[in-house]
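Written below as structure tokens is the structure these notes are about.
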Amino acid sequence: MVGGELPDDDIALIATPLQLPNGVVIPNRLVKASMEEGITGGLPGKRHRRLYRRWGKGGWGGVMTGNVAVDSSQPATPHDLRVYDSPHTTPLYCELHDALLADAPEPRPLTLVQLSHAGMQSSATFGLARAPWVPALAPVSDRPSLGRGPFAWFLERAFWPTKSRAVVDRAEWLDIAGKFVDAAQTMEEAGWGGVQVHSAHGYLLAEYLSPLQFVKSVKINCSDFVQGGLDEEQAAEVIREVVSWKLVDILEVSGGTYSNPAFTDPPPANARESLFSYFTQALIPTLPPVPHGPAIMLTGGLHDRALIASCIRSRACDLVGIARAAALVPDLPHRVLLNQDLDASKARVNVAAIPHGDLVKCVLGGGGMSGLSPGRIKLVGASVSTFWFEWQMAAIGRGEDPDPALDWISGIFHNWLWYDLCSGGPVGWYKRWMGEW
């Protein structure tokens, strides 16, 4: 906070600026959290610029990109943006940043790039960035576990034909660390305000932080939610260790892995709390307060003005990350959360209702209609939701508006088959040739 006590009014509280340890001031507490954009990956293009321009003028305190893979051969999905050793990389990320701020109101939002390395979870057959027999890089040789049963076994080997290759050589680890540093420097040259290291959701964690002269953010799990994975006590110790380095300005708390993707779960219907606020409420009192320590950013289940204000007021977080709701309402701060004309009872966005989403999850093995089937493959259920929100962002990138009524079944034909595989037909081919896409 930039001086003074927290205001009692919810809108005034959420609109309160926050000063980070490096002196940068975020104009309000709302950050458009990282989401894969659902647009063809690689280097950012016109559709990315159109999407980020919509977010830029929405009144966010900060805007964060989706995954930007520091190793172009190890992305999480084919939609990942990437960093290449190419003369086009810096100019195109500069153009994306300029588009983001083109219509942004003053004070302008903090702009962050999420740098990632998918590690074991990088799929050669889904990401299409390397030959199927070339393994992912990880601390161990293995493949992600998607559950029990023959269908889960099939999916594991379809997405990861070979087990990951364990990186044991120190020089190779340092090379991976160097890719993060090089990518961060590229983004600084392109004008971005900072970078976030994606160290959650089972991605590869590299000890690479260096004293760059802009905002540094780390995304960490509060729990992996799998047996033998990172638990809450271990996560708290990792966070305290990272804070002790005094090199990080923002710590984002999320949770889960591809094997158990809690970060995609809907918020609890019978409790006014964020998905991970119970963890941060116990953690924050043990950390130095911002700006003497990093700001804690909480992401997951926060789509309600009163709930957001409650989390900030109770010290569950300093910043609120909002992802999926931002795909449906790009100008969520202006239109809903900070809108003085909107009553508190209406200042929320429902992101759980996807037409025919439960039916598709049931058919594909992602869970029964209740979502509680004991043999469900959680990644399938999570992917059904994720794709639907990606289609909303892809529509914005094409110059259309999000469609909350989009039926999942028609969406897969409209987006995957028509726009992704067929490139939008003759009209789409013409637009690509003219540089409009």
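One residue stands out in segment 122-177 among those that are in contact with a Pro (Cβ under 8 Å, 6 or more places away or on another chain), of a type in the set (A, V, I, L, M, F, W, C) and outside any helix (DSSP H, G or I): the one that is nearest to VAL363 (Cα to Cα), namely TRP160. The condition (being closer than 27 Å to ASP420 by Cβ and in contact (Cβ under 8 Å) with a residue 60 or more places away in the chain) is satisfied by just one residue among ALA76, ALA99: ALA76. Within segment 25-35, if we keep just the residues that are within 15 Å of the chain's Cα centre (by Cα) and buried (at least 24 other Cβ atoms within 10 Å of the Cβ), the residue that is farthest from GLY397 (Cα to Cα) turns out to be LEU30.
Looking only at residues of segment 127-148 that are loosely packed, with under 13 Cβ neighbours inside 10 Å and at pLDDT below 85, we find that the one that is nearest to SER72 (Cα to Cα) is VAL140. The number of residues in segment 97-118 being surrounded by 24 or more Cβ atoms within 10 Å (Cβ to Cβ) and of a type outside the set (Ser, Thr, Tyr) comes to 8. Counting the residues of segment 9-36 that are assigned to a loop (DSSP other than H, G, I, E, B) and out of contact with any helix residue (DSSP H, G or I) (no Cβ under 9 Å at 6 or more places or on another chain) gives 8. Considering segment 73-93, the residues that are in contact with a helix residue (DSSP H, G or I) (Cβ under 8 Å, 6 or more places away or on another chain) and either closer than 19 Å to ARG50 by Cβ or hydrophobic (A, V, I, L, M, F, W, C) (or both) include one that is surrounded by the fewest Cβ atoms within 10 Å (Cβ to Cβ), namely HIS79.
Here is a yes/no grid of residues against (1) β-branched (Val, Ile, Thr); (2) closer than 24 Å to GLY194 by Cα; (3) touching a residue at least 12 places away in the same chain (Cβ under 8 Å):
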position	(1), (2), (3)
GLY300	no, yes, yes
HIS303	no, no, yes
ILE312	yes, yes, yes
ILE322	yes, yes, yes
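Taking the criterion of being at pLDDT below 95 and of a type in the set (Ser, Thr, Tyr), the only residue of segment 1-34 that qualifies is SER34.
Taking the conditions (1) assigned to a helix (DSSP H, G or I); (2) surrounded by fewer than 21 Cβ atoms within 10 Å (Cβ to Cβ); (3) modelled with pLDDT under 70; (4) of a type outside the set (A, V, I, L, M) in turn, PRO426 satisfies each one other than (3). Looking at ILE308, is it part of a strand (DSSP E or B) and under 19 Å from ILE26 (Cα atoms)? Against the criterion (part of a strand (DSSP E or B) and under 19 Å from ILE26 (Cα atoms)), ILE308 does not qualify.
Taken over segment 37-54, the residue count meeting the criterion of being surrounded by 24 or more Cβ atoms within 10 Å (Cβ to Cβ) and touching a helix residue (DSSP H, G or I) at 6+ places or on another chain (Cβ under 7 Å) is 7.
Just one of the numbered conditions (1) touching a Leu at 6+ places or on another chain (Cβ under 7 Å); (2) part of a loop (DSSP other than H, G, I, E, B) is not true of VAL63: (2).
The values are calculated or read from the model by the stated rules, or taken from the named source; none is laboratory data. Being a predicted model, the structure only gives us computed values, none of them experimental. Methodologically, a virtual Cβ is constructed for each residue, glycine included, from the backbone with ideal geometry; neighbour enumeration extends over all protein chains shown.
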